[in-house]
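The values are calculated or read from the model by the stated rules, or taken from the named source; none is laboratory data. Since we're looking at a predicted model, the values are computed, not measured. Because the Cβ atoms are built from the backbone with ideal geometry, glycine has one as well, and the counts that use them run over all protein chains shown. Side chains are part of the model used for accessible areas, which takes the heavy atoms of the whole protein and leaves out ligands, DNA and RNA. Shrake-Rupley method; radii C 1.70, N 1.55, O 1.52, S 1.80 Å.
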Amino acid sequence: MDNLQGENKNTQNISPEEEHFLKLIQKRWSPRSFSDEKIPIESIQQIFEAGKTIMSSFNEQPWRIIFAFKDDPHYSKLFDCLGEFNQNWVRTAPCLGVVVARKHFTKKDKINRHRFYDSGAFMAAATLRATSMGLFAHQMAGFTPQKVVDHFDLPDEFEPITMFVIGKPTDPDQLPEDLRKQETKKSDRKELDEFLYQGWEVPYRKA
């Protein structure tokens with residue numbers, strides 16, 4: 001949590017709510033080794049109830065979720081949309097979903113170029129809610145969008161953005177060897193000066 005509080009830390013000014021939020025951010029990650037334990041539908045609903053509170057351009061809320069537990073008849077359609085690499089580890093997770101977004105604003109005849117940004121914000125909020133419940137979400141770009149369109153007869157107005165699983169992490173030993181190594185490797189993060197600018201590539205703090 002220290003890294004999240006920045007270089008000039010004053011932990012006495014951190015409220016319990018802020019501390020809880022910072023711990024959630026630090027705890028969040030994207031495992032591939034999932035238990036097949038089924039998640040109650042009530043928990044899934046709570047996760048996406050949190051997501052819907054997020055901001056969106058003109059309050060369009062362009063996201064739509066197609067979701068399935070393993071025993072749902074349409075699960076196989078979602079699974080078929082994944083690339084082979086993701087299929088290798090997703091099969092142990094208890095549920096699978098895809099986020100699709102509306103292309104145009106409903107209030108005006110104009111492309112909503114913020115739809116990806118807004119849908120990503122929705123999933124970020126949902127992911128943090130899942131983390132607060134002891135669950136983890138892993139989102140995936142490795143899928144075939146056209147298969148989602150074809151399998152679910154999506155209208156032209158909607159496009160697939162990302163797929164995801166939600167579940168409880170388990171022992172990485174169930175993964176193939178190459179994935180086990182990735183599961184235990186900490187992801188690098190860029191330093192603040194690498195993306196916080198006051199001009200192009202002029203770090204804000206060193207200006």
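What is the Cα radius of gyration of segment 1-124 over 2.2 N^0.38 Å, N being its residue count?
So the Cα radius of gyration is 1.33 times the expected 2.2 N^0.38 Å.
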Which FRET efficiency value, to the nearest 0.05, do you get for residue 41 and residue 20 by plugging their Cβ-Cβ distance into 1/(1 + (r/R0)^6) with R0 = 41 Å?
0.95
Normalised by the number of residues in segment 1-121, what is the relative contact order in percent for Cα pairs under 8 Å and 6+ residues apart?
29
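Pick out, in residue order, every one of the chymotrypsin sites (Phe, Trp or Tyr not before Pro) in segment 143-207 that is DSSP loop and has at most 13 other C-beta atoms within 10 Å; say none if there are none.
Details: sites: 143, 152, 158, 164, 195, 197, 200, 204; in loops: 195, 200.
Taking segment 143-207 and a limit of 13 other Cβ atoms within 10 Å, the loop chymotrypsin sites (Phe, Trp or Tyr not before Pro) found are 195, 200.
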Using a Förster distance of 30 Å, the FRET efficiency for residue 202-residue 72 (Cβ separation, nearest 0.05):
0.05
Out of 146, 161, 59, whose Cα points farthest toward the positive end of the dipole of the chain (charges: +1 Lys, Arg; -1 Asp, Glu; placed on Cβ)?
59
Please build a GNM for the chain, connecting alpha carbons under 10 Å apart, and tell me which residue among 121, 141, 93 fluctuates the most.
141
If the cut-off is 30 Å between C-alpha atoms, which lysines fall inside it for residue 23, apart from same-chain ones fewer than 8 positions away?
9, 38, 52, 168, 181, 185, 186, 190, 206
What full-extension length gain, to one decimal in nm, is calculated for residue 173 and residue 147 as 0.36 nm per residue of separation minus the Cα-Cα distance?
6.2 nm
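Pairs of alpha-carbon atoms within less than 8 angstrom and 6+ residues apart define the contacts here; what relative contact order does the chain have, in percent?
Numbers: 296 pairs, mean separation 55.1, N = 207.
Here the relative contact order equals 27 percent.
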Whenever you get a sec, line up 80, 109, 173 from highest to lowest accessible area (probe 1.4 Å, protein heavy atoms).
109, 173, 80
5 Å binning of all Cα-Cα separations within the chain, expressed as whole percents from 0 upward
1, 6, 12, 15, 17, 17, 14, 9, 6, 2, 1, 0
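Counting only protein heavy atoms and using a 1.4 Å probe, what share of the accessible area of the chain belongs to carbon plus sulfur, as a whole percent?
Numbers: 6290 of 12790 Å².
Ligands and nucleic acids excluded, carbon and sulfur reach 49 percent.
If each residue of separation counts as 0.36 nm, what is the full-extension length gain between residue 87 and residue 117 once their alpha-carbon separation is subtracted? Mind showing how you got there, number by number?
Values: separation 30, 0.36 × 30 = 10.80 nm, distance 2.62 nm.
That works out to 8.2 nm of additional length.
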Those residues of segment 155-191 whose amide nitrogen sits under 17 Å from the label point placed on residue 109, 7 Å along Cα→Cβ:
157
List the GluC sites (Glu not before Pro) within segment 158-207 that fall in a DSSP loop (any state other than H, G, I, E or B) and whose Cβ has at most 13 other Cβ atoms within 10 Å.
191, 201
Fraction of alpha-carbon pairs over 21 Å apart in segment 108-207 - percent:
61
With the 1.4 Å probe rolled over protein heavy atoms, the chain has an accessible area per residue in Å² of 62
Mean-square fluctuation maximum in Gaussian network of the chain, Cα pairs under 10 Å, restricted to 70, 27, 190, hits 190
Pick out which of 35, 119, 187 has the largest mean-square fluctuation in a Gaussian network model of the chain, springs linking Cα atoms closer than 10 Å.
187
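Output the relative contact order of segment 110-207, whole-number percent, from Cα pairs under 8 angstrom with separation of 6+ residues. Intermediate results must be reported in sequence, preceding the final value.
Working: 59 pairs, mean separation 18.6, N = 98.
Answer for segment 110-207 is 19 percent.
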